[in-house]
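The values are calculated or read from the model by the stated rules, or taken from the named source; none is laboratory data. What you are looking at is a predicted structure, and each value in this text was computed from that prediction instead of being measured. Positions of Cβ are generated from backbone atoms using ideal geometry, with glycine treated the same way; all protein chains shown enter the neighbour counts.
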């Protein structure tokens, strides 16, 4: 295959309190795909992302980003955690949250300056939230909060984007706005990896898919592997979705 | 004011500032109770350090005490990680155990050391000026002033250097980790500062007031601002305000300084709790009342929009139809009239053009739940503010 491998996962096993939640995962994510990770609750979807990003330590296996360990490639990667993982009553504004995306390139101690602020404002504009830049984050709707998180990832100007359920609790308009931005990212040659719940929209939104349920069930182009067979293997029941052509 | 009075107020103020800074982050991290645990659990370290050095302000004693504070944090986390008990239970298990070791150590040796349990719990600020720091024969001020001054200087230095790291790891530990700012390192850094500050402040104000000085000013500030920097500044301000007003309250009442400062902290929090402009109890009650009225208004306007027949729009019929009491009906009617949304002609109510447009817009919003459409309505109506 001519394509570069953006993310390579080898024999990855992750455990909580000695109970494996991910078992022996091998995964190669080619550069430039828009990939969904699907699987039932407790399948380890978020855990997989967190382990790739070094947030959770694996008990076995390794991860490389363009051939090197994540620690050396941080600048290439942006991460959008689940919206529910943070306290939205935190005393800060939309602009300030987006600015946090620039902290990685600044490194320890250095403060963000005009250049970082300008980048953050541009990212806010891209997600249609510029008018809300000084709004306290608890005053934003769920969809707006998700857009702020997306803007924070955009400001990192990364090559690979990891997103943990970006469509959770957002209205239809925001969902379309977000998926359009993700498709733009792919067009620009970026790799986007999304933990996704809504199986109906997989063929419409994504071109690559990974089925996960503690073990990897399948990974590949949506048109080849998004079928009832793999869905049944992943979800354990006879699963039928009508794939929209 | 004599110099001892000034010195006491200065010490109390520096302690208040030194406590407010880590306190703000503890409150935001929902870890207020860990400061209670630290303040009690440093006792064994303090006592052992005192046995070795015979000096409450010795750096070794401060280090040992801070170390036992950190051990508390580690033990709490270890017990919690087993998954057998929750965090609050783990805190409740660890610190009384450590504190009681300290109490026993004091009791066994109480006769020959100047350290008793009362002083540990309440401190004695009034005596602070008597313990002087003498450098080559010159009196340079009370020792505890130098101790807390040094701790505060280090705390401020760390805050300025690592403000961004503290902010991002407090708000979003996952992002912080992915960016390379280890939340674990920042967590233990903050816990170390909290432990050292507690030890430094402990001698002057005791274990109970240390907790109050860490938590109350930050909690008060949290109610008044939506900006982290302002929250820090306000917490510092309320800490110092309580320290100085508490000192004078004690002076007038001839009461314990520590007790008076704590009372002022509680009083200032109560004021903010009641009167804070947007988060205060009174503001919340007012806003809810407004919202009720506004929902009624929209219901009423919608009724007018849906009914063109006159019998449905007669002033007297409205009370019966919408099933409201007279007072409420009148409030809504007046509000609609003041805003030029209705006209009343011969007791028949009709929507104006403005009222009609507003109703359409409001209903659209309620159905589609799209925020962009009602940005300009938000200033007038509480209902649409988040």
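Candidates B:209, B:175, B:265, B:213: the one that is crowded, with 23+ Cβ neighbours inside 10 Å, in contact with a helix residue (DSSP H, G or I) (Cβ under 7 Å, 6 or more places away or on another chain) and within 30 Å of residue A:72 (Cα to Cα) is B:175. Just one of the listed residues (B:121, B:179, B:158, B:175) is farther than 20 Å from residue A:105 by Cα and within 14 Å of chain A (Cβ to nearest Cβ), and it is B:158.
Within this structure, residue B:93 passes the test of being more than 22 Å from residue B:196 (Cβ to Cβ) and over 24 Å from the mean Cα position of the chain (by Cα). Residue count for segment A:78-92 satisfying the condition of being surrounded by 18 or more Cβ atoms within 10 Å (Cβ to Cβ), outside any loop (DSSP other than H, G, I, E, B) and facing another protein chain (nearest Cβ under 7 Å): 1. Among the residues examined, residue B:197 does not qualify as touching a helix residue (DSSP H, G or I) at 6+ places or on another chain (Cβ under 6 Å), under 24 Å from residue B:39 (Cα atoms), in a helix (DSSP H, G or I) and facing chain A (nearest Cβ under 8 Å). Just a yes or no: is a residue in segment B:209-224 within 19 Å of the chain's Cα centre (by Cα), at the interface with chain A (Cβ under 8 Å from one of its Cβ atoms) and farther than 28 Å from residue A:56 by Cβ? Yes, some residue in segment B:209-224 is within 19 Å of the chain's Cα centre (by Cα), at the interface with chain A (Cβ under 8 Å from one of its Cβ atoms) and farther than 28 Å from residue A:56 by Cβ. Say we look at segment B:340-360 and pick out the residues that are in contact (Cβ under 8 Å) with a residue 40 or more places away in the chain and farther than 12 Å from residue B:302 by Cβ; which of these is surrounded by the fewest Cβ atoms within 10 Å (Cβ to Cβ)? Among residues in segment B:340-360 that are in contact (Cβ under 8 Å) with a residue 40 or more places away in the chain and farther than 12 Å from residue B:302 by Cβ, the one surrounded by the fewest Cβ atoms within 10 Å (Cβ to Cβ) is B:350.
Taken over segment B:322-339, the criterion of being more than 19 Å from residue B:363 (Cβ to Cβ) and either part of a helix (DSSP H, G or I) or modelled with pLDDT of 80 or more (or both) is satisfied by B:326, B:327, B:328, B:329, B:330, B:331, B:333, B:334, B:337, B:338.
Checking the structure you have, find out if any residue of segment A:61-75 is within 14 Å of chain B (Cβ to nearest Cβ), free of Cβ contacts under 8 Å to residues at least 40 places away in the same chain, touching a strand residue (DSSP E or B) at 6+ places or on another chain (Cβ under 8 Å) and assigned to a strand (DSSP E or B). Yes - at least one qualifying residue is present in segment A:61-75.
The single residue among B:88, B:55 that is exposed (fewer than 13 other Cβ atoms within 10 Å of the Cβ), in contact with a helix residue (DSSP H, G or I) (Cβ under 8 Å, 6 or more places away or on another chain) and away from every other protein chain (no Cβ under 14 Å) turns out to be B:88.
Each row is one residue, and each column tells you yes or no for (1) buried (at least 19 other Cβ atoms within 10 Å of the Cβ); (2) more than 14 Å from chain A (Cβ to nearest Cβ); (3) at pLDDT below 90; (4) part of a loop (DSSP other than H, G, I, E, B).
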position	(1), (2), (3), (4)
B:1	no, yes, yes, yes
B:11	yes, yes, no, no
B:17	yes, yes, no, no
B:21	yes, yes, no, no
B:24	yes, no, no, no
B:33	no, yes, no, no
B:38	yes, yes, no, no
B:49	yes, yes, yes, no
